[in-house]
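Worksheet: one structure, shown below.
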Amino acid sequence: MIIGTATMPNTLPLLEAEYPAAARLLSPLGRRAELPLGIPQQSAQAAGCERQATIGQITAGSGLPLTLPALASHFTELDPKSAFLYAPTAGIRALREAWKVRMNLPGTSLPVVTNGMSHGLSIVADLFSSPEHPIVLAQPYWDNYETIWHMRNGAEMLDFPFFGADRRFNLGGMSDRLDALRGPATLLLNFPNNPTGYAPTHAEAEAIVARIHAHPHPLAVLCDDAYAGLYFSEACYGKSLFGALAAGADRERLLVCKVDGATKELVFFGGRVGFLTFSAEGAVGEALVEKASAVLRGTISSVNAPAQAAVLAALRDPNLVAQQEEVFGVLRRRYTALSSALLAEGVDALPFNSGCFAMLQLRPDQDAQEVRMRLIREQSTGVIAVPSANALRVAFCSIDEVDIPDLVRRVAAVVNG
């Protein structure tokens, strides 16, 4: 038996008329993605009815969840409806509104709640990438990008070296890749960056935005803001490029997407609560949200409700900002300790000024994987090898400040040997 075969109104004509770049950027899946007039939508339409017999979730006569004390006792501080009933496909409305207020970016869509950062990135890839729609990104990059874009969507990975000869962001390399494009594509910007730990300066940020605004072909720019807020140098631009890019976006050529979340910003790694926002508001923003929701509905149905309820409660807590600053202060001190220790031990670190990582450049005669394994065997020290840059990634976010000098001494014993 098939339930809900009717569909919601087709959003593609609206995008073609009001946001041509978005329409041209859509992948074949993105063009097809439409929410059916299915169970969640029909239930929402019946929300005001006296008798509600739509969604198949077990409730008490009052519509409250019928819970098991063995579970409910662990969620006593959360609203029972938010924590124990299905969340809407795009996420709990109050949470989406609270995150939009937190971002304070006018002219953008209401965020869609995603199952962590990777899921948000994957939705963007599904909507805008395909074998005919490549992705431009700086190398080295987080290894899951390749899984999301190339393995799942067949997109060509057009990379360029993250650092130029001056060991600053390689604007020239990015420009060369953009210049070679002749059709729709995605540009991925990840600042603060994983694995380098670098974020652009004010001048670099302005140059990046200007170059993107001048691009003549349809371009989806994805701001992967996983490490938003973690800036440790006054020289950093100090915020996402999403706002500046969205503010000047020509709807004939540029769509900007932002993926961020509670993972690092609220130090809630296991919660898997992320957000996807588009550079459009009103009916156009809602159309893009619907396409994202259709992809979400077709994969996980909706995001974990208790985690969403917990994030919403945190956003309403008047002590949240002070608590964040306390944790971010710990990371700043670790950053300072690592910078000093690397300098003292003469270890060649590429520039880093933000985020959770530093990248150590190895000599041409060294192999990153071999050095990593030697550190495990000889120094009982674990780091991540970055073969594409012949470098090592050090996650200072996971090392106590007092242990950082010893960590660097162990690394130096192998790297400088």
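Laboratory data are not the source of any read-out in this text; all were calculated from the coordinates shown. The model shown is predicted, which means the values in this text are computed figures rather than measured ones. Please note: Cβ atoms are built from the backbone with ideal geometry, for glycine as well, and neighbour counts cover all protein chains shown.
Within a Cβ distance under 10 Å of ILE92, other residues only, what is the Lys/Arg minus Asp/Glu net charge?
+1
Using DSSP loop states and a limit of at most 10 other Cβ atoms within 10 Å to flag GluC sites (Glu not before Pro), what is the longest stretch of the chain containing no flagged site?
235-417
Once label points are set 7 Å from the Cα along Cα→Cβ at both THR299 and SER73, what is their separation, rounded to one decimal in nm?
Computed distance between label sites THR299 and SER73 equals 3.7 nm.
Any chance you could give the angle, 0 to 90 degrees and rounded to 10, that helix 93-103 forms with the longest Cα principal axis of the chain?
Roughly 40 degrees between the two axes.
Just grab the label-to-label distance for THR147 and LEU66, each label 7 Å out from Cα along the Cβ direction, in nm (one decimal).
Result for the modelled spin labels: 3.9 nm.
What's the FRET efficiency of ILE376 with ASP348 using the Cβ-Cβ distance as r and R₀ = 22 Å, to the nearest 0.05? List each step's numbers first, then the result.
On the way: r = 21 Å, r/R0 = 0.94.
That pair, ILE376 with ASP348, gives E of 0.60.
Please state, rounded to one decimal and in Å, the Kirkwood hydrodynamic radius that region 94-168 gives when every pair of distinct Cα atoms enters the mean of 1/r. Can you show the working numbers first?
On the way: mean 1/r = 0.0695 Å⁻¹.
Every distinct Cα pair counted, the radius reaches 14.4 Å.
How many nm separate the modelled label positions at GLN139 and ALA46, each set 7 Å beyond the Cα in the direction of the Cβ?
Those two pseudo-labels are separated by 5.5 nm.
Treating only the Cβ atoms of Lys and Arg (+1) and Asp and Glu (-1) as charged, compute the dipole magnitude of the chain about its Cα centre; round to the nearest 20 debye.
Around 500 debye, computed over the chain.
Given the chain reduced to its alpha-carbon atoms as identical point scatterers, what log10 I(q)/I(0) does the Debye formula return at q = 0.08, 0.13 Å⁻¹?
Treating every Cα as an identical point scatterer, log10 I(q)/I(0) equals -0.48, -1.16.
I need the Kirkwood Rh of region 320-415: take the reciprocal of the average 1/r across all distinct C-alpha pairs and report it in angstrom.
13.7 Å
On average, how much area does the Cα convex hull of region 125-225 cover when viewed from any direction, in nm²? Before the final figure, lay out the partial values.
Numbers: hull surface 23.8 nm².
So the Cα hull casts an average projection of 5.9 nm².
Could you tell me which trypsin sites (Lys or Arg not before Pro) in region 290-374 are loop residues by DSSP with no more than 13 other beta carbons within 10 angstrom of their beta carbon?
Qualifying residues, ordered by number: ARG316.
Mind listing the phi-derived Karplus ³J(HN,Hα) values for region 229-244, rounded to whole Hz, using 6.51, -1.76 and 1.60 with θ = phi - 60°, and x for any glycine or proline?
x, 8, 10, 10, 10, 5, 6, 5, 4, x, 7, 5, 6, 4, x, 5
Find how much the distance from GLU326 to ASP406 grows on full extension, using 0.36 nm per residue of separation minus their present alpha carbon separation; answer in nm with one decimal.
Contour length minus Cα-Cα distance gives 26.4 nm.
May I ask for the distance between the Cα centers of region 14-89 and region 368-417, given as a whole number of Å?
After rounding, the separation between the Cα centres reads 46 Å.
By residue number, which cysteines of the chain lack any other Cys whose Cβ falls under 4.7 Å from their Cβ?
Here CYS49, CYS223, CYS236, CYS257 come out as lacking a disulfide-compatible partner, given the Cβ-Cβ threshold of under 4.7 Å.
For HIS202 and MET157, compute 0.36 nm times the residue count separating them, minus their Cα-Cα distance, and round to one decimal in nm.
Full extension from HIS202 to MET157 adds 13.4 nm.
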